[in-house]
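J.: I'd like to ask some things about the structure below.
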Amino acid sequence: MASAEDEPPHSAARRRSYQDDSYRHGFFETVRNFQDTDVLQDVVIEVEDRRFPCHRLVLSAASPYFRAMFTSGMAESRQETVVLQGFDADMFGEILSYIYSGTLHVSLDKVQPLYQAADLLQLDYVRDTCSNYMVMSLASSTCVELYNFADAFSADFVLNRCRQWICRHFAKFATHEEFCSLSVDQLTEIISHDELDVKEEMTVWEAVVKWVQHSREDRLHHLPSILPHIRFNLLTSDDTAAILNHPLVRRDPGRSVIRNLVKKTSNLPRRLGMDLLEMAVVFCTRTNEHEILYMNPRAGEYISGKYDFESLPDAQAITVTSNNDIYVLAKEPWESHSCLFQYNHTDDVWERAIPSPVCSPDRKNFAEHKKCLIEVNGILYYLCVVSTRSKKSLRVTKYSWETDQWQECSQLELGEGEGEQVILPCGPHIYFLMNTEMHRYNPYKDRWFKRTPPQIVPRLCTAAALRTEIFCADLYFREAMVYRTDSDHWQILKGWMDAGSVETAHTPHLFVLENQLYLYLERYDTALETIEDSFLFVYDKSSETWSSRGLKPTIFEVGSTHVDMLSGPLCPVARMYLPWLEKKGIDRRVKEADKEEEECVVHMV
């Protein structure tokens, strides 16, 4: 008798599973049609005198609230009409639309009552979607209202993000009228945070003064309870004297208490914003070390740190927004779409960002080349060069925070020219740059316009925008040019050293930090095929000269690691919290020392 192993692969004993996606789609379509045409409905839900005929089975399947109502022997399970209290009729209609279609429509004017309804009905997806929408809608004009709502309904995710947003944008937020609508408890809670992004403590005092004077008679008596949260140990003697002589302190009946408090020495730590430093962020993507270099051009130093591949897999493109949000486009293993990961400045970790995955073209018909993330006027754009056998084009999509969708923009049909492409923002526009062609995208008109290409930079590899000018260079930095966007005119960039000293350089990278143009170079030993050293140069526009800023590590050596930039604006500049970076470097150095010690012990044994 033949054993099971002898049976052919097509044996009837082999079990297979099949999934009919069209059936699932058709099933839900049929259920929705039943609702639209009032077929087989067996219960009426009454909300604020409005009647909603429904199906008990559908409601029970969608909501644990209705499931308990209709299956646990409650009186409502036998009633033909069920009256719901505490619901808004319009919001219940939106909920029903979601239950029968799976589609949810959210807007700023109805996100809060929609959240309340979803919370009562235990609809986790609707509640979480509303929470994400509120977080995406955080701005100076909305954060206080959303803060109050999240606090009242214990929406911890929204509440924490509101606090983080206010801390990160405190200096700007304090200038808005909405800041004065904070309660005294909210104000003291916020100014007590270490994560407050302020460069000096006087900013906190000035914000407190504004808040008190907005309703002086009602708020002046709160000043003694607020002042302990101001870190007087971080103030200069002149700042302390200015506070003591301020009318709010001098004229307040309890000024003696306040004066003693101001004079009292405290050991409160520095605020996060006091130790933020603008640095160029560079990913080392050709090694298995998953390293990031944080370069400080002014000091000619860098800090090198590792990131966890699981928290930030297969990084492809990077951008830093005007709000100092760092986004990386990455593709997780076994996923067809690329996702956005965001750096959490508060917790020093990479997290999956709220924006939905980026849609990629069908790879059976397209080949993807360059990928890029860019922010222009607060809008995030994803650009990707794709090609078929017959043509090459630049696909552009922009992210809509209101719909959490990537929207197609006007594509750019490219010519047949070969060579590297650079995509970068400059002012309110996006520029696509090659040696043989150049185009400018106008977001307001959603159109591409031809511009004059450089033409004498055959191996174009890097570009950076400074105010209204774009600087670019070739692979070996033998040709460097500057483009004036207002006049559509190119000219050769003067001042570079003789060509002989450049031949050992490998892949230059231009970037702008604090309105200065920098050049990052690696010195490459062709005989040993190793990177010997790295250098920084800064450009003096007035004298048209480059000066060297030697680059040395502040924590530990990275050896001969080759820096392979991610796509997009190269060496993006972000404000980084220096103590955390230094700690990461120290932690890594300690771990490596421990590892070497273990290896030594093993070797001795």
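J.: I need the full set of residues from the stretch 78-115 which are aliphatic (A, V, I, L, M) and in a loop (DSSP other than H, G, I, E, B), in order please. Outline the logic, then answer.
T.: First pass over the stretch 78-115, keeping only residues aliphatic (A, V, I, L, M): 82-84, 89, 91, 95-96, 99, 104, 106, 108, 111, 114.
If the condition is that a residue be aliphatic (A, V, I, L, M) and in a loop (DSSP other than H, G, I, E, B), then Leu84, Leu104, Val106, Leu108 are the ones that fit.
J.: Moving on to the next point. Within the stretch 23-48, count every residue that is at pLDDT below 85 and on the phi > 0 side of the Ramachandran plot.
T.: 2
J.: Okay, moving on. In the list Thr526, Thr504, Thr554, which residue meets the criterion of being modelled with pLDDT under 85, surrounded by fewer than 18 Cβ atoms within 10 Å (Cβ to Cβ) and closer than 30 Å to Arg168 by Cα?
T.: Working: Thr526 fails: closer than 30 Å to Arg168 by Cα; Thr504 fails: closer than 30 Å to Arg168 by Cα.
Going through Thr526, Thr504, Thr554 in turn, the sole match is Thr554.
J.: For residues in the stretch 416-473 being under 18 Å from Val386 (Cβ atoms) and of a type in the set (Val, Ile, Thr), which is farthest from the chain's Cα centre (by Cα)?
T.: Applying the filter and picking the extreme gives Val422.
J.: Please find, among Val209, Val198, the residue that is β-branched (Val, Ile, Thr) and either part of a helix (DSSP H, G or I) or closer than 30 Å to Ala62 by Cβ (or both). It would help to see each step written out before you state the result.
T.: On the way: Val198 fails: either part of a helix (DSSP H, G or I) or closer than 30 Å to Ala62 by Cβ (or both).
Result: Val209 is the single residue among Val209, Val198 that is β-branched (Val, Ile, Thr) and either part of a helix (DSSP H, G or I) or closer than 30 Å to Ala62 by Cβ (or both).
J.: Can you pull out the residues in the stretch 187-246 that are modelled with pLDDT of 90 or more, among the aromatic types (Phe, Trp, Tyr) and in contact with a Lys or Arg (Cβ under 9 Å, 6 or more places away or on another chain)?
T.: Within the stretch 187-246, just Trp211 meets the criteria.
J.: In this structure, is Met91 within 23 Å of Val43 (Cβ to Cβ) and either surrounded by fewer than 20 Cβ atoms within 10 Å (Cβ to Cβ) or modelled with pLDDT of 90 or more (or both)? Give the derivation first.
T.: Details: within 23 Å of Val43 (Cβ to Cβ): yes; either surrounded by fewer than 20 Cβ atoms within 10 Å (Cβ to Cβ) or modelled with pLDDT of 90 or more (or both): yes.
For Met91, the condition - within 23 Å of Val43 (Cβ to Cβ) and either surrounded by fewer than 20 Cβ atoms within 10 Å (Cβ to Cβ) or modelled with pLDDT of 90 or more (or both) - is met.
J.: Does Glu375 count as modelled with pLDDT under 75 and either surrounded by fewer than 17 Cβ atoms within 10 Å (Cβ to Cβ) or charged (D, E, K, R) (or both)? Full working, then the answer.
T.: Working: modelled with pLDDT under 75: no; either surrounded by fewer than 17 Cβ atoms within 10 Å (Cβ to Cβ) or charged (D, E, K, R) (or both): yes.
In short, no.
J.: Can you tell me which residues in the stretch 150-174 are within 24 Å of the chain's Cα centre (by Cα), surrounded by fewer than 18 Cβ atoms within 10 Å (Cβ to Cβ) and not aliphatic (A, V, I, L, M)? Even if it seems obvious, please write down each step before you answer.
T.: So in the stretch 150-174, the residues within 24 Å of the chain's Cα centre (by Cα) come out as 150, 155-174.
Narrowing further to those that are surrounded by fewer than 18 Cβ atoms within 10 Å (Cβ to Cβ): 156-157, 160, 171-172.
Listed by number, the residues that qualify are Asp156, Phe157, Asn160, Lys172.
J.: Further question on the same structure: For the list (1) in contact (Cβ under 8 Å) with a residue 40 or more places away in the chain; (2) within 17 Å of Gln122 (Cα to Cα), I need the number of the one condition that Thr71 fails.
T.: Tallying (1) in contact (Cβ under 8 Å) with a residue 40 or more places away in the chain; (2) within 17 Å of Gln122 (Cα to Cα), Thr71 fails exactly one: (1).
J.: Just a yes or no: is a residue in the stretch 413-425 in contact with a Phe, Trp or Tyr (Cβ under 7 Å, 6 or more places away or on another chain), more than 15 Å from Leu517 (Cβ to Cβ), part of a loop (DSSP other than H, G, I, E, B) and touching a residue at least 12 places away in the same chain (Cβ under 8 Å)?
T.: Residues of the stretch 413-425 that are in contact with a Phe, Trp or Tyr (Cβ under 7 Å, 6 or more places away or on another chain), as a first pass: 421, 423-424.
Then keep just the ones that are more than 15 Å from Leu517 (Cβ to Cβ); that gives 421, 423.
Going one step further and asking which of them are part of a loop (DSSP other than H, G, I, E, B), we end up with 421.
Among the residues that remain, those that are also touching a residue at least 12 places away in the same chain (Cβ under 8 Å) are: 421.
Within the stretch 413-425, one or more residues are in contact with a Phe, Trp or Tyr (Cβ under 7 Å, 6 or more places away or on another chain), more than 15 Å from Leu517 (Cβ to Cβ), part of a loop (DSSP other than H, G, I, E, B) and touching a residue at least 12 places away in the same chain (Cβ under 8 Å).
J.: So, in the stretch 135-186, exactly how many residues are out of contact with any Lys or Arg (no Cβ under 8 Å at 6 or more places or on another chain) and not in a helix (DSSP H, G or I)?
T.: Adding up the residues that qualify gives 12.
J.: Can you tell me how many residues within the stretch 203-226 are over 34 Å from the mean Cα position of the chain (by Cα) and within 17 Å of His193 (Cα to Cα)?
T.: 1
J.: Could you pull out every one of the strands (runs of 3 or more DSSP E) wholly within the stretch 267-327 that has 1 or more residues that are outside the structural domain of Glu375 (by TED's automatic domain parsing), under 22 Å from the mean Cα position of the chain (by Cα) and free of Cβ contacts under 8 Å to residues at least 40 places away in the same chain? If you could, list the steps in order and put the result at the bottom.
T.: Working: elements: 276-284, 291-296, 301-306, 315-320.
Ranges flagged: 291-296.
The values are calculated or read from the model by the stated rules, or taken from the named source; none is laboratory data. No experiment lies behind these values; they were computed from the predicted model shown. Neighbour counts run over all protein chains shown; Cβ positions are idealised from the backbone, glycine included.
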